[in-house]
Amino acid sequence: MPLRWDEFIVTGDPFILVAQISIVLTSIIAVVALTYFKKWKYVWNNWVTTVDHKKIGIMYIACALLMLFRGGVDAMMMRTQLAAPELDFLSGQNYNEIFTTHGTIMIIFMAMPFLIGLMNVVVPLQIGARDLAFPFLNNLSFWTFFFGMALFNISFIIGGSPSAGWTSYFPLASNDFSPGVGQNYYALGIQLSGIGTLATGINFIVTILRMRTKGMSLMKMPMFTWTVFITSLIIVLAFPVLTVALAMMTFDLLFGTHFFTLQGEGLDMLWANLFWIWGHPEVYIVALPAFGIFSEIISTFARKKLFGYNAMVASIVVISGLSFLVWVHHFFTMGNSAAVNSFFSITTMAISVPTGVKIFNWLFTLHKGKIRFTSPMLWSLGFIPNFVVGGVTGVMLAMAAADYQYHNTYFLVSHFHYVLIAATVFSCFAGLIYWYPKMFGHRMNERIGKWVFWIFMIGFNVCFFPQYFLGLDGMPRRIYTYLEGDGWFTLNFISTIGAFMMAAAFALFVYNIYYSWRYEKRDTTGDPWDGRTLEWATSSAIPPHYNFAHQPEVSERDAFWDMKEKGIDLNASTDYEKIHMPNNTWLGPVMAFFMFTASFALVFSWWIPAILSGVAIFVCMIFRSFDYNDGYYVSVEEIEETEKKAKEA
Amino acid sequence: MPSSFFKWISLAMVAVFLSGCGSLTVLDPQGPVAEQQSDLIWLSIWFMIFIVLVVFVLLTIMLVKYRDRGNNDNYDPTIEGSHKLEFIWTIIPIVIVTILSIPTVMTIYSLEEAPEIEEVDAQQEPLVIHATSANWKWIFSYPEQGIETVNYINIPEDRPILFKLTSADAMASFWVPQLGGQKYAMSGMETELYLAATEVGQYEGRNANFTGEGFAEQRFTVTAQTDEAFDEWVEETQENAPSLSEEEYMHLMVPGHSEEMTFSSTHLEFVNHAYDATYSLEKRAELGYEAHSPHSREGKAFDLPLLTQPIDTDKTYEVELDDE
């Protein structure tokens, strides 16, 4: 189709204009600032090309926070539109695009990268490794995620956002009913970042299986590492399904195949099945690491071992297995036989058993402890009651015959926000605050942190609890307006107030980052919380790039706690040996950039630039195959100097 | 502060829950199908309140009793677990899940069959209505009566209704909360849903599955009438309503809304979307309707047409473009 310039750039909407202006302004400010302060080289050498897992982790988290902002603004706009009946704040089409991007961004570009960021920072430290198994791949994973995110986000101002919902059910998502480039952005943006996620999964499996320090058997691994390990297995099993499904979608959209469309005997339910065979395990990809984070924090601040470690491990294994057996509960209402619905009802309800085991184990970790109510602990404790509310309503939804009534309603919306926010968002905040000193060398301010927690927690309940009743009162999800006679005004209005409280809490959280950077005391110990696991055994503020001067040796589960009790000081000896480390890479970001240009060209069906970019990707791969650079040695002198500095600080 | 707060929240939740439920449409069933579902929902609500309370109370006790007060006499960091306790909290959820599974499975099976109406002289033979979703309107055909309506249905009370659901285009979900749960309507397929009303009255129905721009307004009214009133309405419609020609029907395939319409024949005579998935696309093309990106000039110029009876069969949907 011939493309007009004024259609390439989305026009005619004030929100989009604001977005365009702010994106252009931010870009200009960034470029000017980097040039003025002569930081281009620093940024390139220390961040863009880095293979250091901690820095990559920080970049993931920074992007995730940015996306939390974007997804949050989407949410605010939706809640404003729904605050009262028949408002004209957003048009139907606008609303559809916004809830679509809200869902996609929060799951794919906020929840997952936030957790992957924390995994990156923490896991190698927790298992006493020097880096991930494949440092180059880790860099490439980050940049494919980054460019996937960029691609998905620019749809808002260039060409138009997808509007078929984050599930993109066919035939609605086909060209017949969703004309324009929005769905192309969806297919290619998620595909690009999904490649990175799949690679990350492989990377963590190998890292955890092969790079644990001496003495750390699998059953001595910290719980967070366990959850990351199981999560990575789920990623490796589930993401290929998404990859294939998205590729089929891309073919339908760009090349006229008919896998899912109305024409050519396409099967719309095939998309729904493929999507949820990935999509349901995806829920656990963002929930299991959260469970790991809470386990670490609750144990640390109750100053006790995790209660029932073996049962905790067993339950995550069972959950991960069941997560692949329940996908049909997302479409109980599609007219399956009673036998099918019964089977998936029971398997879905069965997930509550291992989850319940975990909840009670956390509760009994508190038993006979000395509980300190620090802000990470508050998030972890707040998680328990909220998640239980989300969990029990999940059981209600699992009962297929009853689900016919709540399916596609606000009851569901409320349920999955209770589960995802209480588990994932709470854990992201908890984990970030908890490991913040490790990344930046100082804690976040506790007083502000507690305010953030209470405002967010109350706002969250004010926002989502009324939605259960809206669902039971027949309000379907995804409607952009309703009538006065529907009687949903009061509850919606309350819900909107809650949403704005959460937004205020987020703003305060961001302010806290600034405040803490300016005024909080620097941490010199490396162990500000009196921690239990190995990450606290090395210095604060992005530990030296080699992590540990001496590889720690582990004999107990809470390894660092054990060392402290036995009076072992890892850093006592100054007898160092040279350490082998990987080199930085320019190939990762460059290759990901070409993937971005290829995808962007495909969105608009510009075949020649797409093919050229594809060739460039292959050239990069060939280049990489002949790259025999296998890293370098950190000299003893450098280690001595770094360690001396860390001790003096 | 946290412990008392959680307690307060849990009490408030229960209070809100119990006071608010009576008037909620899903928990205000007007027929045997919705009633079975509402019973199941209430059963689950009681179990869930019990579970939530147990966890909240336990959490409160832990937080009050074991908070760090400087000298914790009962501090014992050596505890690693307890097989007995863990066994208990594995078994209890299994029991609860089992208890909930049995009525769930029974209800799932029971909803697949025509509901039994307890009234003595009730007619148990279901009335068949084909419900077809077409962006963004509902088309209802009564094959036995040979009549068709758009965006509203009249049904006799105390008689099971068998809805045969399909869609002319995007996947929709047919839902009348007070009469029973929803089911998907998909083109090229037919799903079946039994509903019944035991009270005379008007009930709101709608599409519950997102189908694009006009989704929010894809609603319809269900009027449950006495047998006599229903028969009268059928007769009158057969006599007075215009019949539905294919040419008129084609215009219903164009995306847009419609007011209520009534016809004295059904579209099943020339198409059943359950067997002809692409019919709507072909007819749109014939009428000159093209789908445009909502961000293109054409897309912006295009308004959802509102069809009213009688349809202007000469009208085509080529979108006028300003060349400027």
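The values are calculated or read from the model by the stated rules, or taken from the named source; none is laboratory data. This structure is a prediction, so every number in the text was calculated from the model and none was measured. Methodologically, a virtual Cβ is constructed for each residue, glycine included, from the backbone with ideal geometry; neighbour enumeration extends over all protein chains shown. Side chains included, ligands, DNA and RNA excluded: accessible areas come from the protein's heavy atoms. Shrake-Rupley method; radii C 1.70, N 1.55, O 1.52, S 1.80 Å.
Once the mean 1/r over all distinct Cα pairs of the stretch A:298-349 is inverted, what Kirkwood radius in angstroms do you read off? Can you show the working numbers first?
Details: mean 1/r = 0.0751 Å⁻¹.
About 13.3 Å for the stretch A:298-349.
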Quiz item: Using alpha carbon centroids, what distance separates the stretch B:165-195 and the stretch A:11-43, in Å?
Solution: 48
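Any number yet on Rg/Rh for the stretch B:234-321, C-alpha, Kirkwood?
Values: Rg = 14.7 Å, Rh = 14.4 Å.
Ratio of gyration radius to Kirkwood radius for the stretch B:234-321: 1.02.
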Self-check item: Candidates B:27, B:287, B:306: whichever shows maximal mean-square fluctuation once chain B is modelled as a Gaussian network with Cα springs under 10 Å
Solution: B:306
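Once Rh is set to the Kirkwood radius over Cα pairs, what Stokes-Einstein translational diffusion coefficient, in µm²/s, holds for the stretch A:79-126 at a temperature of 10 °C and a viscosity of 1.306 mPa s?
Numbers: Rh = 13.1 Å.
My calculation gives 121 µm²/s for D.
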Quiz item: What residue among B:260, B:199, B:232 shows peak mean-square fluctuation when chain B is described by a Gaussian network model with Cα springs under 10 Å?
Solution: B:232
Quiz item: Separation of the stretch A:81-128 and the stretch B:71-102 by C-alpha centroid, Å?
Solution: 35
Quiz item: Measuring from the lowest to the highest alpha carbon on each principal axis, how far does the stretch B:159-218 reach, largest first, in angstroms?
Solution: 34, 24, 14
Exercise. Quantify how much of the Cα-Cα distance distribution of the stretch A:82-202 extends past 16 Å, in percent.
Key: 65
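Run through the DSSP bridge list for the protein assembly as shown and note the antiparallel percent, rounded to the nearest 5.
Working: 35 of 50 bridges.
Expressed as a percentage, antiparallel bridges in the protein assembly as shown total about 70.
Please give the charge dipole size of the protein assembly as shown, origin at the Cα centre, charges +1 on K and R Cβ atoms and -1 on D and E Cβ atoms. Round to the nearest 20 debye. Spell out each step's value before the answer.
Working: 54 positive and 93 negative charges, 1500 e Å.
It comes to approximately 7200 debye.
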Quiz prompt | Percent of alpha-carbon pairs separated by more than 22 Å within the stretch A:500-581 | solution = 44
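Given the convex hull over the Cα atoms of the stretch A:151-224, what projected area results after averaging over all orientations, in nm²?
On the way: hull surface 28.1 nm².
For the stretch A:151-224, averaging the hull's shadow over all directions gives 7.0 nm².
Quick one: with all protein chains in place, what share of the accessible area of the stretch A:33-162 is carbon or sulfur, to the nearest percent (1.4 Å probe)? Intermediate results must be reported in sequence, preceding the final value.
On the way: 2690 of 3670 Å².
Carbon and sulfur: 73 percent of the exposed surface of the stretch A:33-162.
Looking at the P(r) of the stretch A:295-405, how many percent of alpha-carbon pairs lie beyond 19 Å? Numbers along the way, then the final one.
On the way: 3239 of 6105 pairs.
Every Cα pair in the stretch A:295-405 considered, those over 19 Å come to 53 percent.
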Quiz prompt | Quotient of Cα Rg and 2.2 N^0.38 Å for the stretch A:30-90, N being how many residues it contains | solution = 1.78
Quiz item: Counting only other chains, what is the mean number of Cβ atoms within 10 angstrom of the Cβ of each residue in peptide A:348-354?
Solution: 4
Quiz item: So, in Å, what gap is there between the alpha-carbon centers of the stretch B:215-242 and the stretch A:180-215?
Solution: 55
Quiz item: log₁₀ I(q)/I(0) of the stretch B:130-260 at q = 0.22 Å⁻¹, via Debye over equal Cα point scatterers, no solvent, to two decimals?
Solution: -1.44
Self-check item: Surface share of carbon and sulfur [accessible, 1.4 angstrom probe, percent] for the stretch B:63-213
Solution: 54
Practice problem: Report ³J(HN,Hα) in whole Hz for each residue of the stretch A:185-198, in order, from the Karplus equation J = 6.51 cos²θ - 1.76 cosθ + 1.60 where θ = phi - 60°; Gly and Pro get x. | Solution: 4, 4, 4, 7, x, 5, 4, 4, 6, x, 4, x, 5, 4
Quiz item: Tell me, what HN-Hα J-couplings in whole Hz come from the Karplus equation 6.51 cos²θ - 1.76 cosθ + 1.60 at θ = phi - 60° for each residue of the stretch A:88-101, using x for Gly and Pro?
Solution: 10, 4, 10, 7, x, 4, 4, 4, 4, 5, 6, 6, 5, 6
Quiz item: Could you give the Stokes-Einstein D for the stretch A:376-502 in µm² per second, using the C-alpha Kirkwood radius, 37 °C, 0.692 mPa s?
Solution: 209
Quiz item: If you wrap a convex hull around the C-alpha atoms of the stretch A:360-444 and split its volume per residue, what is the figure in Å³?
Solution: 105
Exercise. Quick one: among B:206, B:69, B:297, which has the greatest mean-square fluctuation in a GNM of chain B with alpha-carbon springs under 10 angstrom?
Key: B:69
Exercise. Answer rounded, prolate or oblate for the stretch A:114-156, using the Cα gyration tensor with square roots of eigenvalues a ≥ b ≥ c: rounded when a/c is under 1.5, else prolate when a/b is larger than b/c, else oblate.
Key: oblate
Quiz prompt | Diffusion coefficient, µm² s⁻¹, Stokes-Einstein with Kirkwood Rh over alpha-carbon pairs of the protein assembly as shown at 25 °C and 0.890 mPa s | solution = 82
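For the stretch A:502-645, what does the accessible surface come to per residue with a 1.4 Å probe? Please give it in Å².
55
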Quiz item: If you take the accessible area of A alone, add that of B alone, and subtract the area of the pair, what total do you get in Å², probe 1.4 Å, to the nearest 100?
Solution: 8900
Quiz prompt | Cα gyration tensor category, rounded, prolate or oblate, for the stretch A:439-534 with a/c compared to 1.5 | solution = prolate
Exercise. Heads up, I need the accessible area for residue A:578: 1.4 angstrom probe, whole protein in place, Å², nearest 10.
Key: 130
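Classify the stretch B:17-120 from the C-alpha gyration tensor, please: rounded if a/c falls under 1.5, else prolate or oblate depending on whether a/b exceeds b/c. It would help to have the intermediate numbers written out before the result.
Working: a/c = 6.78, a/b = 2.31, b/c = 2.94.
Here the stretch B:17-120 falls in the oblate category.
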Exercise. Write down the radius of gyration of the stretch A:242-357 and its Dmax, each obtained from C-alpha positions, in Å.
Key: 18.9, 63
Self-check item: Among A:537, A:280, A:388 - extreme Cα towards positive end, dipole of chain A, charges at beta-carbon
Solution: A:537
Exercise. Evaluate peptide A:515-521: per residue, the Cβ atoms of other protein chains within 10 Å of its Cβ; return the mean as an integer.
Key: 0
Quiz item: Mind checking the mean number of beta-carbon atoms from other chains within 10 Å of the Cβ atoms in B:164-172?
Solution: 4
Quiz prompt | Under 5 Å, built H, 5+ apart or other chain: amide partners of residue B:138 | solution = B:151
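Give the average over all directions of the projected area of the C-alpha convex hull of chain B, one decimal, in nm².
Numbers: hull surface 102.9 nm².
Quarter of the Cα hull surface area: 25.7 nm².
Starting from the Cα coordinates of the stretch A:481-542, work out the convex hull volume and express it per residue in Å³. Numbers along the way, then the final one.
Details: hull volume 10.2 nm³, N = 62.
With only Cα atoms used, the stretch A:481-542 gives 164 Å³ per residue.
Give me the percent of accessible area attributable to carbon and sulfur for the stretch A:185-226, probe 1.4 angstrom. Each step should come with its number before you reach the end.
Working: 850 of 1250 Å².
Roughly 68 percent, rounded to a whole number.
Of all DSSP beta bridges located in chain B, what percent are antiparallel, nearest 5? The partial results should precede the final answer.
Working: 29 of 43 bridges.
Antiparallel: roughly 65 percent of the beta bridges in chain B.
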Quiz item: Just the accessible area per residue of the stretch A:151-219, please: how many Å² with a 1.4 Å probe?
Solution: 24
Practice problem: First select every other residue whose beta carbon is under 15 angstrom from the beta carbon of residue A:369; then total the charges, Lys and Arg +1, Asp and Glu -1. | Solution: +3
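Rolling a 1.4 angstrom probe over the protein heavy atoms, how many square angstrom per residue are accessible across the stretch B:210-285?
Values: 3020 Å² over 76 residues.
Computed with neighbouring chains in place, this is 40 Å² per residue.
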Quiz item: In nm², what is the average projected area of the convex hull enclosing the Cα atoms of the stretch B:174-324?
Solution: 10.6
